[in-house]
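Here's the structure, in structure tokens; my notes come after.
The values are calculated or read from the model by the stated rules, or taken from the named source; none is laboratory data. Since this is a predicted model, take the numbers as computed values, not measurements. Cβ atoms come from the backbone with ideal geometry, glycine included; neighbour counts cover every protein chain shown. Ligands, DNA and RNA are stripped out before the accessible areas are found, and what is left, the full protein with its side chains, is counted by its heavy atoms. Shrake-Rupley method; radii C 1.70, N 1.55, O 1.52, S 1.80 Å.
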Amino acid sequence: MAAGMRQKAQILDKEGIRRALVRIAHEIIERNKGTENVALIGIQRRGVPLAGRLCGYIEEIEGKTVPVGVLDITLYRDDLTTLSHQPLLRQTNVPFPVKDKKIVLIDDVIYTGRTVRAALDAIIDLGRPRIIQLAALIDRGHRELPVRADYVGKNVPTSGREVVAVRLQETDNEERVLILEKD
Amino acid sequence: MMKLLIKGGNLIDPVKKRAIISDVLVDGGKIVATGTDLEVDGAMVVNVPGKLVVPGFVDLHVHLREPGFEASETIATGTLAAARGGFTSVACMPNTNPVADNSAVIIFIRARAKEKGVVNVFPVGAITTGSKGEELCEMAGLKEAGAVALSDDGRTVANAAVMYRAMQYARMIGLPIIAHCEDVNLSAKGVMHEGYVSTILGLTGIPAAAEEVMVARDIILAEATGCPLHIAHVSAAGSVRLIRQARARGVTVTAEATPHHFTLTDQAVAGFDTNTKVNPPLRTADDVQAVRNGLRDGTIDVIATDHAPHAPEEKDVEYENAPFGMAGLETAVGLVWTELVNTGILTPWEAVAKMTVNPARILGIPKGELVLGADADITVIDPAWEEEVDPKQFAGKGRNTPFTGRLLKGLPVITVVGGKIVFKRGVEF
Amino acid sequence: MKLKRKDLLGLAGLETQEINLILDTAVPMKEIASRPVKKVPVLRGRTIVNIFYEPSTRTRVSFELAAKHLSADSINIPAAASSVVKGESIKDTARTIAAMGADVVVIRHPLAGAAQLLAGTVEAAVINAGDGAREHPTQGLLDMFTVREKKGTLAGLKVAIIGDILHSRVARSNIWGFLKMGAQVAICGPATMMPPEINRTGAVVYHRIEDALEGADVIMMLRIQRERQKAGLFPSLREYSRLFGLNRERLFLAKPDALVMHPGPVNRGVEITGEVADHPRSVINEQVTNGVAVRMAILYLFAGGGTDDEAAD
């Protein structure tokens, strides 16, 4: 990923990520008036550890665990023909019925909105939730579809030449969010 | 006809087994003089220093496809291919349609060859009617019409009793029998050599034994009848061994090998190129080595092409549906030089003998030697000429070669038939 | 990781990494195939043409289901076996396919090399669903998937393949596949139905089923066809069954947790007793289920879903 890219700025450090997630956890509880029927679904890949962490924070706050699922949206993408590289197909694992649940979809960055669109299709194929909400650690703008996040860790205005890189301990062995710029 | 003087070449004599620098003077379609520094007024002169001047090559085994299969080859195109390949005489097999099992077909072929042929054509008659392996042909009639040998090539005379009688009768008539040795119960539906490669490709195999048992049978029958037997396209090590043993005890058996059987192995089939489909099939490296050894020690007297042209659409199908056969006339000399002479397996005169005097003697035709008074059938070889095989350049219709792209060194550059230059490769001499 | 070829013609030419990619991709596909709504849109708008020159309900239906689960448009071209006999070449069919604008062609053909011939003629990806006795790569992959799912790995396992190896494309694909993945392969059958020099692949040849079964982790029985008896390849079904059939007693020669497999359709009482075919160790039905998942993975990957780990995240 670093090839042809240079670091422009660091937006969040480890503590910043933690604070943003704790705030989102509070907002999820507040918006849903508790945790009843709430379930978290992380979008592969970095949405998955974020969902796990949010589950932990919610438990710390409310003393209750919410179910967590994992969603791979590769097979729902609309750009299969245009990508030269395809993401590795990963496991989808939603070990609870989504029917009538309040689903909170979790991704690291919201950008064009196409991933979320694919994720909505994927979830609806699993059943009919009562409501679907969206949480993103970073909202970098440039939406191409009418999609809006319900919970945002940090809004970061970016240009098209820039890339937002979320680095998490579980996937990247470090903990920070960077803006990279193409050379 | 203008006199022709071939000057300064290296004259290869396959009988005396030597090469000498000598000019050759041709007049009236005959060789009239040899020697150094011949000067002749009014002769057309071709200067060939550094090149080899040899008796015109004789191919004992070709398929000209006419009559009956003119989409694949005709006498006109097949003899053009022969000329480009350095051959001045070809013996054509009788598996035409109709089969050359009667004098009318033999007469037709000879008439056609006289009219359209570029090189000499010697027809081979069938052993049995329709090559069905049942009733004997009128062998005396075939001989009178001009057949030089008898063969049911492409098929085996499966019934040993029929073959036994055929040999008794052919010996009386004075024609040699050319045997295509294949036990069809063993070869059955096989399409390639039975071995590791057929195992991997899932193609039905033809065991070497399918050839060997028939070679053994025919040697025994030749021994019993005294009939001269020529074994066509020897491909298996076991066949070479059987022939070697038979010759050691004086059986009148001769044998030929094709360029593809001393060059390619069954590995060539791995890409399902239907141009590698040939009968008998390409065999293993051990078989190729045995054939080469047989050529070197004289067990195999003759190199023949088994030129078997097929129209492109016939070969452009699944491997199992493709017909057997390769076009061979235009690559044979290059392969002999590249694979056998340049590698030291055969001397130039040994190689030349196997394509001139040896087949001519088997067929009983007055060809294959450059002596005074002989027909002026002459081939000039440039041993330094290098060329990649390109079927698009072929003169014949048959482009079905597995050798496309192969680099050959040592190619015929001039072919003279009856004193007339019928082929020149590229440049002026 | 990305596939290194346009077509899936056989396992002989496939790299280990590619086999792993297909097997790994089949895992999430199996989850999709087990959902109430068995459909993802990934191949929407893609055309998959199935041409079966041999009758094969099992494989054809498996491919059709796989295509439907991935939302592809799948078309069956009925191709009579007689057209092969008539000498109508695969190349004629290829022209039709090109005109249809197919993205993937699945072909079953009685002649070895037919899929390869087609692959060289069309732009579409060609999936070999069995070509003569040569290869049946999707069956090999689903067998490997089934074993990997049960055993966790393929490396170090002993796989015994029993029966008519000579005419079996399933045997050939499994020999290549399992050997590449580090398994040992023992093959066993009558000498008349053992292709020459098959040991050069690395498989070990036995003619006593007891020797082949000893310590096996996987037992793969092949279907014996009665026509082979008429062709003189074995004397009788009774003797075949006595020498090469899998029964309860012989099952105990293998490891206690050995899997029993069969590509189907099973000749009960001939190559395998009904009791063993229905034994708890038999995974014959799971092979069928996994066949759909593995073919989904194959269609997805060969229709353009190549992969790269990080770049597109």
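Put +1 on the Cβ of every Lys and Arg and -1 on every Asp and Glu Cβ in the protein assembly as shown; which of C:Ala114, A:Gln169, C:Ala183 then has its Cα farthest towards the positive end of the dipole?
Positive-end residue among those listed: A:Gln169.
For segment B:56-363, what D do you get in µm² per second when you plug the Kirkwood radius from alpha-carbon pairs into Stokes-Einstein at 10 °C and 1.306 mPa s?
My calculation gives 84 µm²/s for D.
Please report, to one decimal in angstroms, the Kirkwood hydrodynamic radius of chain A built from all distinct Cα-Cα pairs.
Across chain A, the inverse of the average 1/r is 16.8 Å.
Based only on Cα atoms, what mean projected area does the convex hull of the protein assembly as shown have, in nm²?
The directionally averaged projection comes out at 46.9 nm².
What percent does the relative contact order of chain C come to when contacts are Cα pairs within less than 8 Å and at least six residues apart?
The normalised contact order for chain C reaches 21 percent.
Lysines near A:Lys99 by alpha-carbon distance under 27 Å, same-chain residues fewer than 8 away left out - which ones?
Counting by Cα, and skipping residues close in sequence, A:Lys99 has these lysines nearby: A:Lys33, A:Lys64, C:Lys30, C:Lys38, C:Lys39, C:Lys68.
Within segment A:5-182, what whole-number % of the accessible surface is contributed by carbon and sulfur, with the 1.4 Å probe and all protein chains included in the calculation?
Carbon-and-sulfur percentage of accessible area, whole number: 47.
What list of ³J(HN,Hα) couplings, whole Hz, do you get for segment B:52-67 from phi and the Karplus terms 6.51, -1.76, 1.60, once you set θ to phi - 60° and write x for glycine and proline?
9, 9, 10, x, x, 6, 10, 9, 6, 8, 10, 10, 8, 6, 10, x
Where does each of A:Lys102, A:Lys64, C:Lys230 land when they are ordered by accessible area, with a 1.4 Å probe and the largest first?
Details: A:Lys102 35, A:Lys64 110, C:Lys230 175 Å².
Ranked from most to least accessible, the order is C:Lys230, A:Lys64, A:Lys102.
How large is the helix-only mean residue ellipticity at 222 nm for chain C, computed as the sum of -39500 (n - 2.57) over DSSP H runs with n ≥ 4, divided by its residue count, in deg cm²/dmol to the nearest 500?
-11500 deg cm²/dmol
In segment A:114-137, what residues drop by 10 Å² or more in accessible surface going from the chain by itself to the full protein assembly, probe 1.4 Å?
Going by heavy-atom accessible area, the residues of segment A:114-137 that drop by at least 10 Å² are A:Asp125, A:Leu126.
Could you work out the equivalent-ellipsoid semi-axes for segment C:176-262, taking the square root of 5 times each eigenvalue of the Cα gyration tensor, largest first, in whole Å? Don't jump to the answer; show the numbers that get you there.
Numbers: eigenvalues 96, 62, 21 Å².
With the √(5λ) rule applied to segment C:176-262, the semi-axes are 22, 18, 10 Å.
Quick query: amide H of B:Met326 versus all other amide H atoms, modeled in the peptide plane; which residues come in under 5 Å with a sequence gap of 5 or more or a different chain?
Here B:Ala308 satisfy the definition.
Using C-alpha positions alone, give me the convex hull volume of chain C per residue in cubic angstrom.
133
Near C:Arg46, within a Cβ-to-Cβ distance under 9 Å, what is the net charge of the other residues, with Lys and Arg +1 and Asp and Glu -1?
Here the count lands on -1.
Can you tally the net charge around B:Arg425? Count Lys and Arg as +1, Asp and Glu as -1, for every other residue whose Cβ sits under 10 Å from the Cβ of B:Arg425.
0
Relative contact order of segment B:56-363, please, whole-number percent, based on alpha carbon pairs below 8 angstrom and at least 6 residues apart.
RCO, segment B:56-363: 17 percent.
Would you mind giving the total buried accessible surface between chains A and C, with a 1.4 Å probe and ligands, DNA and RNA left out, rounded to the nearest 100 Å²? It would help to have the intermediate numbers written out before the result.
Values: alone 9720 and 13630 Å², together 21160 Å².
About 2200 Å² of accessible surface is lost on pairing.
Remind me, relative contact order of chain A in percent, using alpha carbon pairs under 8 angstrom and six or more residues apart?
This gives 27 percent for chain A.
Where does segment B:312-416 land on Rg(C-alpha)/(2.2 N^0.38 Å)? Don't skip to the answer; put the middle values down first.
Details: Rg = 16.0 Å, N = 105, 2.2 N^0.38 = 12.9 Å.
With N residues counted in segment B:312-416, Rg over 2.2 N^0.38 Å equals 1.24.
Along the charge dipole of segment B:176-293, pointing to its positive end and built from +1/-1 on Cβ of Lys, Arg, Asp and Glu, which listed residue (B:Val191, B:Thr276, B:Leu264) has its Cα farthest out?
Of the options given, the answer is B:Leu264.
Viscosity 1.306 mPa s, temperature 10 °C: Stokes-Einstein D of segment B:133-232 from its Kirkwood Cα radius, in µm² per second? Numbers along the way, then the final one.
Details: Rh = 14.4 Å.
Rounded, D is 110 µm²/s.
Per-residue ellipticity at 222 nm for chain B, helices alone: DSSP H runs ≥ 4 residues times -39500 (n - 2.57), over residue total, nearest 500 deg cm²/dmol? Present the calculation step by step, with values, prior to reporting the outcome.
Numbers: 13 runs with 120 residues, N = 429.
Mean residue ellipticity, 222 nm, calculated: -8000 deg cm²/dmol.
How large is ³J(HN,Hα), in whole Hz, for each residue of segment B:77-90 in order, when computed from phi with the Karplus curve 6.51 cos²θ - 1.76 cosθ + 1.60 and θ = phi - 60°, using x for Gly and Pro?
6, x, 6, 5, 4, 4, 4, 5, x, x, 8, 10, 9, 9
Evaluate the charge dipole of the protein assembly as shown about its Cα centre and quote only its size in Debye, nearest 20, assuming +1 on the Cβ of each Lys and Arg and -1 on the Cβ of each Asp and Glu.
Here the size comes out at about 1720 debye.
Once Lys and Arg get +1 and Asp and Glu get -1 on their Cβ, which of B:Val417, B:Thr128, B:Ile6 lies farthest toward the positive end of the dipole of chain B?
Among B:Val417, B:Thr128, B:Ile6, the one farthest towards the positive end of the dipole of chain B is B:Ile6.
Determine the percent antiparallel among the DSSP beta bridges restricted to segment B:56-363, to the nearest 5.
5
Normalised radius of gyration for segment B:37-170, please: alpha carbon Rg relative to 2.2 N^0.38 Å, two decimal places.
On the way: Rg = 18.0 Å, N = 134, 2.2 N^0.38 = 14.1 Å.
Taking N as the residue count of segment B:37-170, the ratio is 1.27.
Using a 1.4 Å probe on the protein heavy atoms, what percent of the accessible area of chain C belongs to carbon and sulfur? Intermediate values should be presented prior to the final figure.
Working: 6090 of 11810 Å².
With neighbouring chains kept in place, the figure for chain C is 52 percent.
What is the angle, in °, between the Cα long axis of helix B:237-248 and the longest principal axis of the Cα atoms in chain B? Nearest 10 is fine, range 0 to 90.
70
Short version: ³J(HN,Hα) in whole Hz for each residue of segment A:123-139, in order, from phi by Karplus 6.51 cos²θ - 1.76 cosθ + 1.60 (θ = phi - 60°), x for Gly and Pro, what are they?
The phi angles translate into 5, 5, 5, 8, x, 10, x, 6, 8, 10, 10, 10, 10, 9, 5, 10, 10 Hz.
What Kirkwood hydrodynamic radius do you get for segment B:365-429 when you take the inverse of the mean 1/r over all pairs of distinct Cα atoms, in Å?
The answer is 13.7 Å.
Can you list residues from other chains, or at least 5 along the same chain, whose modelled amide H is less than 5 Å from the amide H of C:Ile161?
For C:Ile161, whose amide H was placed from the backbone, the distant partners under 5 Å are C:Ala186, C:Ile187, C:Cys188, C:Met220.
If you take every DSSP beta bridge fully contained in the protein assembly as shown, what fraction is antiparallel? Give it as a percent rounded to 5.
Working: 45 of 131 bridges.
Taking every DSSP beta bridge with both residues in the protein assembly as shown, the antiparallel ones total about 35 percent.
Rounded, prolate or oblate for segment C:214-282? Axes are the square roots of the Cα gyration tensor eigenvalues, ordered a ≥ b ≥ c, and the cut-off for rounded is a/c under 1.5.
Prolate is the answer for segment C:214-282, as a/c is 1.5 or above and a/b outweighs b/c.
Excluding ligands, DNA and RNA, what is the accessible area buried between chains B and C, summed over both sides, using a 1.4 Å probe, to the nearest 100 Å²?
In total, chains B and C hide about 1600 Å² from solvent.
Using a 1.4 Å probe on the protein chains only, how many percent of the accessible area of chain B belongs to carbon and sulfur?
Here carbon and sulfur together make up 52 percent of the probe-accessible area.
For the protein assembly as shown, what is the accessible area per residue in Å², given a 1.4 Å probe and the full set of protein chains?
Working: 35540 Å² over 925 residues.
So the protein assembly as shown comes to 38 Å² accessible per residue, rounded to a whole number.
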